[in-house]
Amino acid sequence: MADLRTDFLGIKSPNPFWLASAPPTDKEYNVRRAFEAGWGGVVWKTLGEAGPPVVNVNGPRYGVVYGADRRVLGINNIELITDRPLEVNLREIKAVKRDYPDRAMIVSLMVPCEESAWKAILPLVEETGADGIELNCGCPHGMSERGMGAAVGQAPDLIEQITRWCKQTTRMPVIVKLTPNITDIRGPARAAKAGGADAVSLINTVSSITSVNLDTFSPEPSIDGKGSHGGYCGAAVKPIALNMVAEIARDPETHGLPISGIGGVTTWRDAAEFMTLGAGNVQVCTAAMTYGFKIVEEMKSGMSQWMDEKGHSSTSDFIGKAVPNVTDWQYLNLNYVAKAKIDQDACIKCGRCYAACEDTSHQAISMSPDRVFEVMDDECVACNLCVDVCPVEDCITMERMPAGAVDPRTGKVVSDEYANWTSHPNNPAAQAAE
Amino acid sequence: MPSPMTPGISSGRLTAEQIAKNFADLHSAFDPHEAAVAADRCYFCYDAPCITACPTSIDIPLFIRQIQTGTPEAAARTIFEQNILGGMCARVCPTETLCEEACVREAAEGKPVEIGRLQRHATDTLMAQQGHPFTRAAETGKRIAVVGAGPAGLACAHRLAMKGHDVTLYEARPKPGGLNEFGIAAYKTTDDFAAREVQWLMGIGGITQASGTLGEDLSLDGLKAEFDAVFLGVGLGGVNMLRAHGEDREGVRDAVDFIADLRQASDLLDLPVGRNVVVIGGGMTAVDAAVQSKLLGAETVTIAYRRGREQMSASRFEQDLAASYGVRLLFNVMPVAVHEDGIELEYTTTTDGKLVGTGERLSLAADQVFKAIGQTLSLDVGLAMEAGKIAVSGAGRTSMEGVWAGGDCATGGDDLTVTAVAEGRDAAEDIHASLV
Ligand SMILES: Cc1cc2nc3c(=O)[nH]c(=O)nc-3n(C[C@H](O)[C@H](O)[C@H](O)COP(=O)(O)OP(=O)(O)OC[C@H]3O[C@@H](n4cnc5c(N)ncnc54)[C@H](O)[C@@H]3O)c2cc1C
Ligand SMILES: Cc1cc2nc3c(=O)[nH]c(=O)nc-3n(C[C@H](O)[C@H](O)[C@H](O)COP(=O)(O)O)c2cc1C
Ligand code: SF4
């Protein structure tokens with residue numbers, strides 16, 4: 001049986017599945033249920049400074065995007081950090097950590113961008129016995145307008161500053177949680193590293209409006225006829241998160257900086273993908289909010305089955321394994337030639353590949369009167385659209401052309417040599433270099 | 001109190017509650033949630049095979065997408081543009097041999113998108129609202145006689161009226177609707193849907209309903225003289241003969257008459273049915289007569305068909321439906337004689353392509369015998385005929401200029417409601433093209 005135990009910054013947990021700082025980790029009751037259900041760790045819902053807590057709206061705080069069959073693809077929210085008193089949260093954190101010493105307990109924090117504010121709260125957190133802290137530099141709504149959350153996360157110098165204050169004040173490992181609402185994620189990640197961060201976690205939610213009510217013209221979720229941009233999360237944001245994780249993992253300046261992967265993790269497979277791109281563990285929010293805590297069982301069994309099948313005995317065997325394969329477009333092998341191939345036995349004759357290729361791609365699929373769909377190799381550019389829209393898995397596949405064969409589209413012999421854009425004759429830069 | 005075991009032919013074999021339950025909707029209506037789930041399964045195929053399989057060529061993927069996106073009314077318009085009796089067709093079409101058989105998800109998973117029920121969801125939604133979805137074009141001043149107010153006649157009349165023509169719709173029976181009103185199984189069209197649908201269809205305006213029987217008080221020459229064009233949608237009124245001894249006995253009836261009585265009964269508790277019923281035939285009429293006898297409380301019901309299961313024109317779905325109600329299906333038997341309380345059948349075999357008796361016989365108890373061996377056209381108004389039907393070419397053109405025909409009475413197509421609608425509609429388009 002594969003060993004799912006992970007060690008992240010010296011913080012041990014029985015599996016790499018943590019719950020992200022959000023409603024599932026807002027209070028003792030939920031977190032105890034989560035640990036009973038088998039989650040490896042939690043990042044407690046973000047705490048603010050002492051004093052009167054923030055207030056939330058009293059109307060709907062979530063909006064949603066559905067796929068077929070009302071399957072939740074993404075949720076957005078306008079919730080703020082915890083609205084419960086600081087001392088109550090601290091007391092509960094301490095009690096839970098005492099009862100579950102083998103689970104990771106991270107406390108998420110967001111206080112004003114002043115040294116005194118950070119210095120005041122850190123000893124209180126330390127006193128709970130928590131394993132580490134996560135600095136919430138990502139919340140895109142409500143708090144950002146008060147100069148916190150994403151407002152910090154979008155200003156690398158502020159990230160560096162607060163990280164440094166924390167590192168100077170506490171012995172606890174410091175994880176900096178990043179916002180995706182920025183053009184280049186490497187800036188904030190480098191700043192966190194410069195400030196001494198032990199790790200970064202990402203992504204927080206993506207600024208969004210999920211829908212507009214066409215009767216009232218209010219964005220959803222609607223509060224008395226008005227809406228505010230919220231934070232988008234769930235399966236829909238996974239591709240954005242994966243790319244950002246990979247960018248940090250392969251940036252020479254931050255390579256090796258531990259990463260906690262967040263954003264749309266819904267199944268064991270998603271988690272494994274994040275980890276191969278360099279995440280040491282993952283955090284989950286929307287999937288748990290959609291299906292409840294029990295999904296962690298599938299995540300654990302799925303990942304261990306896959307690890308057993310692949311012969312990975314521990315998670316460290318595959319963490320970062322995909323990072324070397326993430327490259328820039330200009331280095332992709334232009335001598336790799338493929339053609340789409342339709343398995344006639346598997347084909348159910350829906351014709352979606354035909355509509356896609358004929359109307360929007362390269363007119364490379366033929367259709368006979370009795371609905372036989374075939375790829376015309378002399379037109380196919382291997383764009384993959386037909387594969388993507390085919391409802392039957394593996395019915396259409398991309399087959400690589402062997403070296404020496406002639407590509408009927410270009411009339412050129414397929415070469416087994418690697419050649420990319422940097423040396424391509426059509427590249428003006430390449431010609432200039434000659 | 002009579003029961004299923006009461007000998008002879010008797011009414012009131014079941015309680016009112018049992019009857020109500022037995023004759024409730026065969027396929028219940030979708031609620032909006034069920035419709036949403038079912039609609040999500042559609043792949044929006046390119047040049048979809050279901051469209052090709054529908055005799056009226058409804059754009060099925062489009063109307064399902066319209067349901068999906070919360071506009072069942074727009075979906076209904078998509079349906080009605082092709083098939084004004086889309087509401088009835090949603091209930092009575094053998095979808096398992098039409099659109100749903102062609103659905104790619106039938107190929108993929110053996111479970112097609114439930115097109116029929118989705119169609120009903122859309123059409124019911126729109127029909128529940130006030131008004132008629134189409135408006136008439138400016139009046140053309142052309143007058144057309146449509147004879148027979150069944151699906152073919154109704155579809156033809158509606159399309160002509162929509163084009164601005166003035167239609168007189170003649171019907172021999174006291175009620176319009178044709179077999180929708182008098183023939184279709186009661187559990188497929190509940191709550192007087194056939195009558196409500198005709199009333200809704202008439203909302204287009206420009207159609208005058210008139211009583212009249214071609215061949216009796218109406219003549220084709222008279223109609224031709226009075227109108228700019230004539231469409232015949234008179235269906236198949238006659239019934240084939242059994243050619244067995246005792247065919248004229250009291251308990252022997254045409255299945256279509258029995259069903260017509262059933263459809264018109266104000267209280268099914270008063271409708272008599274035999275304790276032991278035998279239905280001769282292998283089509284939809286045979287299945288409907290058998291199933292409804294059972295639902296009325298007959299103790300045993302047998303369908304006796306002279307060929308094998310594969311040749312039966314009732315679909316496998318219909319056969320299984322009958323079996324699920326406890327109807328026994330007997331294949332390769334033909335009737336020889338009807339006696340006082342039973343029927344004698346002979347086994348058949350096919351030699352040299354001809355059906356012959358094997359000599360081996362079988363007797364079944366029978367208080368009532370229903371003949372469902374096909375309907376015929378009894379009308380003779382001087383038109384060229386082919387295989388017992390009015391010969392037509394193109395969009396329902398008969399041998400006589402200015403006279404069109406469609407539906408069961410004309411050649412071509414299966415004898416189905418939806419086919420009759422398609423033929424009526426297409427003839428209307430052809431008449432329109434020839435008049436303007
Ligand atoms: C018992 C039974 C069950 C069926 N079940 C189904 C089913 O489930 N699904 C399906 O798709 N199809 C079914 N069918 C077939 C379907 O009902 C017919 O194909 C369809 O009704 C044909 O329509 P039509 O307009 O051609 O004829 P009809 O529906 O027969 O209508 C003809 C009309 O013309 C009138 N008429 C006849 N002669 C004259 C005259 N001389 N002058 C004036 N008016 C006249 C008749 O009174 C009638 O109103 C069934 C048929 C039967 C008999
Ligand atoms: C309702 C809600 C409230 C959240 N509150 C916080 C928060 O207080 N602090 C924080 O760091 N992230 C917060 N998040 C962001 C999540 O921790 C997580 O980064 C994000 O949802 C992406 O992960 P997911 O796709 O698994 O949901 C919140 C998310 C949701 C849905
Ligand atoms: S890969 Fe692209 S170009 Fe080739 S057949 Fe598929 S859709 Fe057409």
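Here, each number is a calculation from the coordinates, and none is a lab measurement. Everything numeric here is computed off the predicted structure, so don't read it as measured data. Every residue, glycine among them, receives a Cβ derived from its backbone with ideal geometry; neighbour counts consider all protein chains shown.
Relative contact order, whole percent, for the stretch A:336-400 stands at 47, derived from Cα pairs under 8 Å and 6 or more residues apart. Peptide A:352-361 is shielded by partner chain Cβ atoms: per residue, an average of 2 of them sit within 10 Å of its Cβ. By the helix-only formula, in which each DSSP H run with n ≥ 4 contributes -39500 (n - 2.57) and the sum is divided by residues, chain B has a 222 nm mean residue ellipticity of -10000 deg cm²/dmol.
Residue order for A:96, B:146, B:277, fewest other beta carbons within 10 angstrom first, comes to A:96, B:277, B:146. DSSP finds beta bridges in the protein assembly as shown, and of those with both partners inside it, around 45 percent are antiparallel. For the stretch B:239-374, the equivalent ellipsoid derived from the alpha-carbon gyration tensor has semi-axes of 23, 17, 13 Å in decreasing order. Rounded to the nearest 500, the 222 nm mean residue ellipticity of chain A from helices alone is -8500 deg cm²/dmol, with -39,500 (n - 2.57) taken per DSSP H run of at least 4 residues. Using C-alpha pairs under 8 Å with a sequence gap of at least 6, the mean separation divided by the residue count of chain B gives a relative contact order of 19 percent. Put a dot 7 Å past the Cα of residue A:12, heading toward its Cβ, do the same for residue B:1, and the two dots end up 7.6 nm apart. Pairs of Cα atoms nearer than 8 Å and 6+ residues apart set the relative contact order; for chain A it is 13 percent. Of all DSSP-defined beta bridges confined to the stretch B:239-374, some 45% are antiparallel rather than parallel.
Gain on full extension, evaluated as 0.36 nm per residue between residue B:97 and residue B:209 minus their Cα-Cα distance, stands at 36.9 nm.
Highest mobility in the GNM of chain A, judged by mean-square fluctuation with C-alpha springs under 10 Å and restricted to A:141, A:362, A:312, is found for A:362. Cβ-to-Cβ counts within 10 Å put B:232, B:218 in ascending order as B:218, B:232, the fewest first.
Rounded, prolate or oblate for the protein assembly as shown? Axes are the square roots of the Cα gyration tensor eigenvalues, ordered a ≥ b ≥ c, and the cut-off for rounded is a/c under 1.5.
Prolate, since a/c reaches 1.5 and a/b exceeds b/c.
A simple spin-label model places the labels of residue B:247 and residue A:362 6.9 nm from each other, with each point 7 Å out along Cα-to-Cβ.
Counting only residues at least eight positions apart within a chain, or on another chain, the lysines with an alpha carbon under 20 Å from that of residue A:349 are A:339, A:341, B:111.
Taking other Cβ atoms within 10 Å as a rough exposure proxy, B:170, A:62, A:291 sort from fewest to most as A:291, A:62, B:170.
Legend: calculated FRET efficiency, residue B:143 to residue B:62, from the Cβ-Cβ distance at R0 = 30 Å, rounded to 0.05, equals 0.30. What the Cβ-Cβ distance of residue A:306 and residue A:3 gives, at R0 = 22 Å and to the nearest 0.05, is a FRET efficiency of 0.95.
Hey, which of these cross-link pairs are over 30 Å Cα-Cα: A:167/A:226; A:97/A:321; B:224/B:389; A:193/A:321? Walk me through the intermediate numbers first.
On the way: A:167/A:226 41 Å; A:97/A:321 33 Å; B:224/B:389 20 Å; A:193/A:321 22 Å.
Table pairs above 30 Å Cα-Cα are A:167/A:226; A:97/A:321.
Calculated over chain B, the projected area of the Cα convex hull averaged across directions stands at 22.3 nm². Placing +1 on the Cβ of every Lys and Arg and -1 on the Cβ of every Asp and Glu, with no other charges, gives chain B a dipole of roughly 340 debye about its Cα centre. In this calculation the C-beta distance from residue B:436 to residue B:401 is compared with R0 = 25 Å, giving a FRET efficiency of 0.90.
For the stretch A:277-349, the square roots a ≥ b ≥ c of the C-alpha gyration tensor eigenvalues yield an a/c of 1.5 or more together with a/b not exceeding b/c, which makes the shape oblate. Note on B:39-48: average number of Cβ atoms from other chains within 10 Å of each residue's Cβ is 6. Restricting attention to the stretch A:6-321, close to 40% of DSSP beta bridges with both partner residues there are antiparallel. Estimated at 0.36 nm per residue, the fully extended path between residue B:34 and residue B:323 surpasses their Cα-Cα distance by 101.3 nm.
Length available on full extension from residue A:184 to residue A:126: 0.36 nm per residue minus the Cα-Cα distance, which gives 17.6 nm. Computed from label points 7 Å out along Cα-Cβ, the spacing between residue B:175 and residue A:145 is 6.5 nm.
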